[in-house]
Amino acid sequence: MIGGEISARLAFVQAQAMVLPIECGEASGVLMLGMGSLSIPAIGSLVAVEVGGGVGVTYVPSSSDSSRSFYKLANGTQADASQKSFADAVLASPMYLQVGLGSELGPIGVKIRYLMESQATLGSVMADNAWWSVFALKKQSLSLALALKMF
């Protein structure tokens, strides 16, 4: 699976936006992740440990098989994209945690990450004021990212 990512880092704080293709039953969609993380040097400036979290929204556009586009929410339900705003979909979508190692050699970066989907949503964490519910994990995946620095 090949996706795209854009990230910005200031000192050891990093913000990331990732887009990954995903299969939702019979349909193909896209998982959009917004994450914040800490990039802590482990071996000088050669290797850094990344720890972070954020929220991911799964969007399935209309296609020849399905005339409606929808969001896939944390509880497994589908919400019609014309009836639910993107902000509401963000609140009802699962949160994600990530742990990884990153290395940068000149303009080339290599990162290996362990991405974990939580059972919690941003809406449930804010409503219950229970941030620890983010650690109730549902699915995990491993990813490898190759990056070219632009600036």
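The values are calculated or read from the model by the stated rules, or taken from the named source; none is laboratory data. These numbers were taken from a predicted model, which means no experiment stands behind them. Heads up, the Cβs are rebuilt from the backbone with ideal geometry, glycines too, and the neighbour counts pull from every protein chain shown.
Quick rundown of the values:
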| quantity | calculated |
| --- | --- |
| Output for the range 80-110, where each listed residue is over 24 Å from GLY29 (Cα atoms) and of a type outside the set (A, V, I, L, M, F, W, C) | GLY100, GLY102, SER103, GLU104, GLY106, PRO107, GLY109 |
| Scope the range 15-35; condition crowded, with 18+ Cβ neighbours inside 10 Å and under 8 Å from the mean Cα position of the chain (by Cα); matching residues | MET18, LEU31, MET32, LEU33, MET35 |
| Selected residue (only one of LEU105, LEU115 is modelled with pLDDT of 90 or more, out of contact with any helix residue (DSSP H, G or I) (no Cβ under 8 Å at 6 or more places or on another chain) and aliphatic (A, V, I, L, M)) | LEU115 |
| The range 11-54, subset of a type in the set (S, T, N, Q) and in a strand (DSSP E or B), residue modelled with the lowest pLDDT | SER28 |
| Among the residues listed as LEU115, LEU73, the single one being farther than 22 Å from ILE2 by Cα, within 17 Å of the chain's Cα centre (by Cα) and surrounded by 12 or more Cβ atoms within 10 Å (Cβ to Cβ) | LEU73 |
| Every residue from the range 83-117 that is small (Gly, Ala, Ser) and either part of a helix (DSSP H, G or I) or in contact (Cβ under 8 Å) with a residue 60 or more places away in the chain (or both) | ALA87, ALA89, ALA92, GLY102 |
| Checking ASP88 against (1) within 21 Å of SER7 (Cβ to Cβ); (2) charged (D, E, K, R); (3) modelled with pLDDT of 90 or more, the condition it does not meet | (1) |
| Residue selected from the range 55-68 under the condition out of contact with any Cys (no Cβ under 9 Å at 6 or more places or on another chain), at pLDDT 90 or above and of a type outside the set (A, V, I, L, M, F, W, C), by the criterion farthest from VAL30 (Cα to Cα) | GLY56 |
| Any hit, the range 127-142, residues being part of a strand (DSSP E or B), touching a helix residue (DSSP H, G or I) at 6+ places or on another chain (Cβ under 8 Å) and surrounded by 10 or more Cβ atoms within 10 Å (Cβ to Cβ) | no |
| Pairs with Cβ under 9 Å, 6+ apart, first in the range 20-43 and more than 16 Å from GLY54 (Cβ to Cβ) and in contact (Cβ under 8 Å) with a residue 40 or more places away in the chain, second in a strand (DSSP E or B) and of a type in the set (Asp, Glu) | GLY29/GLU23 |
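Conditions tested, residue by residue: (1) more than 18 Å from ALA147 (Cα to Cα); (2) among the hydrophobic types (A, V, I, L, M, F, W, C).
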| residue | (1), (2) |
| --- | --- |
| LEU10 | no, yes |
| VAL13 | no, yes |
| ALA27 | yes, yes |
| GLY44 | yes, no |
| SER66 | yes, no |
| ASP80 | yes, no |
| GLN98 | no, no |
| LEU105 | no, yes |
